[in-house]
Amino acid sequence: MEAVVSGHALTSFRKLMLVMRISYTLPFVMASLSGVAYGLFIGGNAWLALLIPMDVFVLAMFVNFSNDYFDHLSGVDEIRFRKDEEKMKEIDEVVNRSFYWDGNSLDNGIITEAHGKLIMIILVAGAVTVSLPIVYIGGWIVIALGLVALGLAFLYTAPPVNLGAHGLGEIDVLVSFTMIAFFAYFVMVPIFSWEMLLFATITGIGAMNMRIIDQVSGYEAHLAVKERNLCYHLGPDQTAKVVRGVIAVTGMMTVAMIWFNAYNALLLLALLPGLKAWRDLGMRDIKLWYMRPVPKVLGIVIMLQVLFILSLTLRTVLPY
């Protein structure tokens, strides 16, 4: 019998996408690709350029799935994703649900808690296995970075620490994505780079903003289970102002990237979805206003990664 979520029958592929949240690994992988692209530009090891994004992909699946597992145990996702058909139709008009998450796979009965524990063990084992050749080539720093990455991923929602429920989830995301982008480069080329650090920080801030705007749609659920994130303390309206402020800071830091190389002016194109998100955040009198900026805030981050790689490519092919 086919599983059904929100009135939609699920194929095996769709089940896999929902359980592993494959689409949600994109920001992680793109952050690592920007780092390895800079490493290749400087002259780093090509094998590391292949292995690092692979390891980040597996780690990203662990991050997303462990988040789902512990949110299932806390009950926050069950409250958040209680949807009626009318609301689902409204959501379909705002976001593409083939990409957007359709609820917790454990709450939906696609998998059991026992399956969840097994999946987390397999993902950790997979991340460790892929990291072994990275350690061999990159040295012992990879072990330290891996332990920090696993710690930040697991403690994001795992009790009793649960950083996300104690006002530290935003900092966790900021640090995690900054580390992914910067150390993807630094493991390849252990030479400090201010340009890469600035871009990695922009990446981290952009990812943090994704986390902040996502909190608004789960505001009532977080209130119910007392998960004290930023939106819990500020409320949706004030949180929208914070998201706008972060977009402005991201824009200013992106302009600063031009100081390192004129080709980095391409990064300014990533501010276009930021302007659209800014507009959407000011339209809080319409239904589901908090969901409309979500794909645009994501778009800022993804476009920055793609355009930075393009800038590096142009520097290599058309130096001036």
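FYI, it's all coordinate maths here, none of it is from the lab. Just so it is clear, the structure is predicted and the values come from calculations on it, not from any experiment. Glycine gets a Cβ as well: all are built from the backbone with ideal geometry, and neighbour counts include every protein chain shown.
Go through the residues of the range 208-225 one by one and say whether even a single one is surrounded by fewer than 23 Cβ atoms within 10 Å (Cβ to Cβ), of a type in the set (Phe, Trp, Tyr) and part of a helix (DSSP H, G or I). Checked the range 208-225: at least one residue is surrounded by fewer than 23 Cβ atoms within 10 Å (Cβ to Cβ), of a type in the set (Phe, Trp, Tyr) and part of a helix (DSSP H, G or I).
Can you tell which of Ala248, Ala262, Ala240 is within 29 Å of Leu223 (Cβ to Cβ) and either touching a strand residue (DSSP E or B) at 6+ places or on another chain (Cβ under 7 Å) or touching a residue at least 40 places away in the same chain (Cβ under 8 Å) (or both)? Please lay out each step first, then the result.
On the way: Ala248 fails: either touching a strand residue (DSSP E or B) at 6+ places or on another chain (Cβ under 7 Å) or touching a residue at least 40 places away in the same chain (Cβ under 8 Å) (or both); Ala262 fails: within 29 Å of Leu223 (Cβ to Cβ).
Checking each option against the conditions leaves just Ala240.
Flag set for Leu198, criterion: out of contact with any His (no Cβ under 8 Å at 6 or more places or on another chain), touching a residue at least 24 places away in the same chain (Cβ under 8 Å) and buried (at least 17 other Cβ atoms within 10 Å of the Cβ). Of all residues in the range 226-245, those that are surrounded by fewer than 21 Cβ atoms within 10 Å (Cβ to Cβ) and part of a helix (DSSP H, G or I) total 11. When the range 258-306 is limited to residues that are of a type in the set (A, V, I, L, M, F, W, C) and not in a helix (DSSP H, G or I), the one that is surrounded by the most Cβ atoms within 10 Å (Cβ to Cβ) turns out to be Met291.
Search the range 9-45 for residues being within 21 Å of Phe199 (Cβ to Cβ), hydrophobic (A, V, I, L, M, F, W, C) and over 12 Å from the mean Cα position of the chain (by Cα), and hand back the single one that is surrounded by the most Cβ atoms within 10 Å (Cβ to Cβ). Of everything passing the filter in the range 9-45, Val36 is surrounded by the most Cβ atoms within 10 Å (Cβ to Cβ). The residues listed here are Leu230, Leu288, Leu223, Leu310; of these, the one that is out of contact with any strand residue (DSSP E or B) (no Cβ under 6 Å at 6 or more places or on another chain) and under 20 Å from Ala31 (Cβ atoms) is Leu310. Of the residues examined, Thr178 is not one that is assigned to a loop (DSSP other than H, G, I, E, B) and either small (Gly, Ala, Ser) or surrounded by 15 or more Cβ atoms within 10 Å (Cβ to Cβ) (or both).
Could you go through the range 278-289 and let me know if any residue there is of a type outside the set (Lys, Arg), touching a helix residue (DSSP H, G or I) at 6+ places or on another chain (Cβ under 8 Å) and at positive phi. Yes, some residue in the range 278-289 is of a type outside the set (Lys, Arg), touching a helix residue (DSSP H, G or I) at 6+ places or on another chain (Cβ under 8 Å) and at positive phi.
Within the range 121-150, restricting attention to residues that are small (Gly, Ala, Ser) and assigned to a helix (DSSP H, G or I), the residue that is nearest to Leu59 (Cα to Cα) is Ala127. Within the range 107-117, the set of residues being part of a helix (DSSP H, G or I) and over 23 Å from the mean Cα position of the chain (by Cα) comprises Glu113, Ala114, His115.
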